[in-house]
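Colleague: My questions will all concern the structure given below.
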Amino acid sequence: MTSLQRAWRGGKNDWRLHVLSIFSVAVAFVCLAAALLVVVNVDGLRDRWARAGRASIYFKIETTEAQVRAIENAVRAAEGVTDVRYVSSDEARREVLGRGDQVLAALPAAAFPASLEVMVDEGTEGGKLATLASRVSALPQVESVETYQDWTERLASVLTSGVTASLVLAFVVLGAVVSVVASTIRLALQRRRIEVEVLKLVGATDSYVRRPFVVEGAAQGGIGALLALILLAVLYGIVRENLGGELGVLVGMQPVFLPWTFMISMVALGSLLGAVAAWGSLRRLLVV
Amino acid sequence: MDSGPSFSPMLRSGNRFDQEAAHRPILSFEQVHKAYRSDAPVLRGMNLSIQRGEFVFFTGPSGAGKSTLLRLLYAAETVDAGRILFMGREVGRLRPESIPFLRRNIGVVFQDFKLVMNWSVAENVAMPLEVLGLPERLIRTRIGEALERVGLGGRGSDVVATLSGGEQQRVAVARAIVGEPALVLADEPTGNLDPQLAVDILGLFEDIHSTGVTVLFATHDRSLLDVRPRRVIVLQDGKAIDAPNGLDGDIEDELRVA
C-alpha cells in the first residue's frame with residue numbers, strides 16, 4: 001500500500017477534521033490572495049497611468065481663442081502628440097453640470113477654465129511628456145498643466161505599501177497554515193495512535209509512519225489554497241459583474257484576476273507549508 | 001528427499017555463515033537491571049537464557065516486571081544495566097534506525113489486542129507485510145494463510161469492531177505471525193478473555209510454537225500454566241526463578257518462602 005493510499009484511508013476516516021483544517025487554511029489564504037489581487041490591480045493601474053500619455057493644459061481666464069489656437073497648433077506639432085482637443089470653458093461647465101451636481105453649479109466661470117486635452121503616443125517616454133508640460137506651463141497664457149504624474153507616483157507609493165502589507169500578510173498566513181495543519185496532524189495522530197503504535201511495533205521506520213501524514217498535510221495546504229482561490233474568483237466575478245463597467249470608466253482599466261503563475265505558486269506554497277508543518281509536528285511524537 | 005523451500009540466509013559480503021549460531025540461545029539476559037523508580041527496581045540482575053523453538057511462560061504478580069521484560073525485548077524500553085542478546089545482537093546497543101529491523105523478527109500480542117477497530121481484519125493483519133513492502137498479491141496470500149491458522153479463514157473482509165473478543169485476539173495473533181517472525185511475545189493475551197477462550201488462545205500459541213517459533217507467553221493466570229507442562233519463569237522481587245518442567249511442588253514451596 002503506497003503512502004498515498006494510506007493517506008487516503010486516514011483522510012477518509014478523519015474527513016471532518018481535514019475539512020475543518022482545509023477551511024481554516026482557505027480563510028488564511030483568501031486574505032493573502034485578496035491582498036495580492038489588490039496589489040496586482042494597483043500595479044496594473046500604475047502601469048496604465050504611467051503609459052497613459054495624457055496631459056491637460058488649463059488656460060488663464062483672459063486667454064483669447066486665437067492664443068489658444070496658436071498654442072494648440074504648436075502642441076500638435078510636438079513629437080509624440082497624437083491628438084489635441086480644445087475644451088472651452090462652457091463645454092467644461094456643461095460637462096460637469098451635466099452630471100447633475102447642483103453644488104458645482106454655483107461655482108464661478110473661473111472654476112471651469114478652457115483647456116487643451118493632449119493625447120500622447122503610449123510609447124512616448126514619460127520624460128518627454130514632462131518636458132513638453134514644463135515648456136507649455138512656462139507660457140504666460142497657461143494657468144497649469146496636469147500630466148497625472150502625481151497620480152502615478154501616489155499609486156507607486158500605494159503599491160509599495162501594498163507589497164509590504166502583502167509580505168506581512170504572507171508571514172501571518174504562513175504561521176496560520178503551519179499552526180492549523182500541525183494541530184490537525186497532531187490530532188489525527190492522536191486519533192490513529194493505535195495504528196501508529198502497531199506500525200512501529202511491526203517494524204515500520206519513522207519515515208514510513210510519517211509519510212501518509214505528510215501527504216495529508218500537503219493535501220490540506222494545497223486544497224486550502226485552491227479553495228481560497230476559487231472563493232476569491234467567485235467574489236471577484238460578482239464584483240466585476242456589478243461594478244466592472246463603472247470601475248473601468250473610473251480608473252481607465254478593467255480589473256484583472258491573479259495571473260496563473262501566482263495561482264499555481266500559491267497552491268504549491270500551500271502544499272509545501274502543509275507538508276513541512278506535518279513533518280515538523282510528528283518529529284517528537286513517534287516514540288514507541 | 002525434502003522438496004520444501006531451502007533456507008538461504010542473506011549474508012553481508014565478507015561474512016560467512018556461522019554454523020554455531022544456530023545452536024546459540026535465541027535470547028540471553030545477562031545481569032539485566034531495570035527500574036522506573038530508584039527505590040523500586042523491577043528487574044535486579046536477571047539472568048536467563050532461552051533456546052530457539054522454546055515455549056516459555058513468564059508469570060508473577062502484577063508489577064513483577066513481565067511486561068517490562070517483553071518491552072525490553074522489542075526495544076520499547078532500555079535496560080539500566082546488563083544486556084539482552086537477541087540472536088546474538090545486543091538489543092540495548094542497537095541504533096534507533098536499526099530498531100525497526102529488530103522488530104520485524106518479533107511478533108507481539110497484547111492483552112488489549114491493539115487492533116484498528118474501524119479497519120477490516122485483512123487490513124489489520126496486513127500491516128507487518130506492508131511495512132516490508134511485499135507485493136499486494138503475496139500479501140493477500142499470506143493474510144489468507146495466517147487467518148486460516150488462527151481459525152478465521154474467509155473473515156478477512158469483516159470489520160474488526162464487529163468481532164467478539166476472542167476473535168479479535170485471534171486477529172492480533174494472525175498479525176503477529178503473518179510476518180513469520182523468529183520470536184512471538186504474548187503479553188497477557190488472555191487477560192481480557194473468559195477461561196475457555198483463554199485455553200483456546202493458548203492452544204493457538206502452542207500450534208504456532210509447533211512450527212518452530214519461539215514463544216514467550218506472559219500471564220498471571222496460574223490455571224493456564226497447568227494446561228500442559230512447559231518451562232515457566234517466575235518473576236519475583238526482580239529476579240527470575242526458572243522452573244524448566246513447570247510449577248511443581250518444590251517450586252511452589254520455594255515461591256512461598258520467597
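The values are calculated or read from the model by the stated rules, or taken from the named source; none is laboratory data. Bear in mind that the values here come from a model prediction, so they are computed numbers and not experimental data. Please note: Cβ atoms are built from the backbone with ideal geometry, for glycine as well, and neighbour counts cover all protein chains shown. Calculation scope for accessible area: heavy atoms of the full protein, side chains included, ligands and nucleic acids excluded. Shrake-Rupley method; radii C 1.70, N 1.55, O 1.52, S 1.80 Å.
Colleague: Provide a single number: the residues in segment A:162-187 that are open to solvent by 70 Å² or more (accessible area, probe 1.4 Å) and within 25 Å of A:Leu45 (Cβ to Cβ).
Modeller: Summing the residues that are open to solvent by 70 Å² or more (accessible area, probe 1.4 Å) and within 25 Å of A:Leu45 (Cβ to Cβ) in segment A:162-187 gives 3.
Colleague: Ok, one more. Of (1) within 11 Å of another protein chain (Cβ to nearest Cβ); (2) under 23 Å from B:His23 (Cβ atoms); (3) in a strand (DSSP E or B), B:Val108 satisfies all except one. Which?
Modeller: So B:Val108 meets the others, but not (2).
Colleague: Additional query: Mind listing whichever residues of segment B:147-183 are within 17 Å of B:Leu193 (Cβ to Cβ) and of a type in the set (Val, Ile, Thr)?
Modeller: B:Val150, B:Val160, B:Val171, B:Val173
Colleague: Could I ask something else about it? Give the residue, chosen from B:Ala176, B:Ala122, that is more than 11 Å from chain A (Cβ to nearest Cβ) and touching a residue at least 24 places away in the same chain (Cβ under 8 Å). Outline the logic, then answer.
Modeller: Numbers: B:Ala176 fails: more than 11 Å from chain A (Cβ to nearest Cβ).
So the residue among B:Ala176, B:Ala122 that is more than 11 Å from chain A (Cβ to nearest Cβ) and touching a residue at least 24 places away in the same chain (Cβ under 8 Å) is B:Ala122.
Colleague: Can you tell which of A:Leu269, A:Leu258, A:Leu282 is at pLDDT below 85 and among the hydrophobic types (A, V, I, L, M, F, W, C)?
Modeller: On the way: A:Leu269 fails: at pLDDT below 85; A:Leu258 fails: at pLDDT below 85.
After ruling out the rest, the residue left standing is A:Leu282.
Colleague: While we're on this one: Just to check your reading of the model, which residue among A:Val19, A:Val30, A:Val75, A:Val40 is of a type in the set (Val, Ile, Thr), within 38 Å of the chain's Cα centre (by Cα) and open to solvent by 70 Å² or more (accessible area, probe 1.4 Å)? Steps first, answer last, please.
Modeller: Values: A:Val30 fails: open to solvent by 70 Å² or more (accessible area, probe 1.4 Å); A:Val75 fails: open to solvent by 70 Å² or more (accessible area, probe 1.4 Å); A:Val40 fails: open to solvent by 70 Å² or more (accessible area, probe 1.4 Å).
Every option except A:Val19 fails the conditions.
Colleague: For segment B:79-98, how many residues are within 16 Å of B:Val184 (Cβ to Cβ) and within 14 Å of chain A (Cβ to nearest Cβ)?
Modeller: Pass one, segment B:79-98, residues within 16 Å of B:Val184 (Cβ to Cβ): B:86-87.
Those left that are additionally within 14 Å of chain A (Cβ to nearest Cβ): B:86.
Going through segment B:79-98 one residue at a time, the tally reaches 1.
Colleague: Do you know which residues across segment A:203-222 are open to solvent by 20 Å² or more (accessible area, probe 1.4 Å) and at the interface with another protein chain (Cβ under 9 Å from one of its Cβ atoms)? Don't jump to the end; show me each part of the working.
Modeller: As a first pass, look at segment A:203-222 and keep what is open to solvent by 20 Å² or more (accessible area, probe 1.4 Å): A:205-208, A:210-211, A:214-215, A:218-219.
Once the filter is applied, which keeps residues that are open to solvent by 20 Å² or more (accessible area, probe 1.4 Å) and at the interface with another protein chain (Cβ under 9 Å from one of its Cβ atoms), segment A:203-222 yields A:Thr205, A:Asp206, A:Tyr208.
Colleague: Check whether at least one residue in segment A:39-49 is within 27 Å of A:Ser88 (Cα to Cα) and either modelled with pLDDT under 80 or more than 14 Å from every other protein chain (Cβ to nearest Cβ) (or both), and report yes or no.
Modeller: Yes, because at least one residue in segment A:39-49 is within 27 Å of A:Ser88 (Cα to Cα) and either modelled with pLDDT under 80 or more than 14 Å from every other protein chain (Cβ to nearest Cβ) (or both).
Colleague: Name, by its number, the condition in (1) more than 7 Å from chain A (Cβ to nearest Cβ); (2) surrounded by fewer than 17 Cβ atoms within 10 Å (Cβ to Cβ) that does not hold for B:Phe101.
Modeller: B:Phe101 satisfies every listed condition except (1).
Colleague: When you go through A:Arg186, A:Arg193, A:Arg154 one by one, which is the residue that is within 14 Å of another protein chain (Cβ to nearest Cβ) and basic (Lys, Arg)? Walk me through it before giving the result.
Modeller: Values: A:Arg186 fails: within 14 Å of another protein chain (Cβ to nearest Cβ); A:Arg154 fails: within 14 Å of another protein chain (Cβ to nearest Cβ).
Going through A:Arg186, A:Arg193, A:Arg154 in turn, just one is within 14 Å of another protein chain (Cβ to nearest Cβ) and basic (Lys, Arg): A:Arg193.
Colleague: How many residues are under 18 Å from B:Leu115 (Cα atoms) and either of a type in the set (D, E, K, R) or assigned to a helix (DSSP H, G or I) (or both) when one looks only at segment B:150-185?
Modeller: Residues in segment B:150-185 being under 18 Å from B:Leu115 (Cα atoms) and either of a type in the set (D, E, K, R) or assigned to a helix (DSSP H, G or I) (or both): 18 in total.
Colleague: Okay, moving on. Taking into account only those residues within segment B:140-173 that are within 19 Å of B:His209 (Cα to Cα) and among the acidic types (Asp, Glu), which is least open to solvent (accessible area, probe 1.4 Å)?
Modeller: That would be B:Glu145.
Colleague: Same structure, new question: Can you pull out every residue in segment A:141-159 that is within 21 Å of A:Lys128 (Cα to Cα) and open to solvent by 70 Å² or more (accessible area, probe 1.4 Å)?
Modeller: Within segment A:141-159, A:Glu143, A:Gln149, A:Asp150, A:Trp151, A:Glu153, A:Arg154 qualify.
Colleague: So in segment B:30-78, with the set limited to residues that are among the polar types (S, T, N, Q) and assigned to a loop (DSSP other than H, G, I, E, B), which one is nearest to the other protein chains (Cβ to nearest Cβ)?
Modeller: Within segment B:30-78, the first condition is being among the polar types (S, T, N, Q), and the residues that meet it are B:31, B:38, B:47, B:49, B:51, B:59, B:62, B:67-68, B:78.
Of the ones still in play, those that are also assigned to a loop (DSSP other than H, G, I, E, B) are B:38, B:51, B:62, B:78.
Details: B:Ser38: 23, B:Gln51: 24, B:Ser62: 22, B:Thr78: 12 Å.
Ranking the qualifying residues of segment B:30-78, first place goes to B:Thr78.
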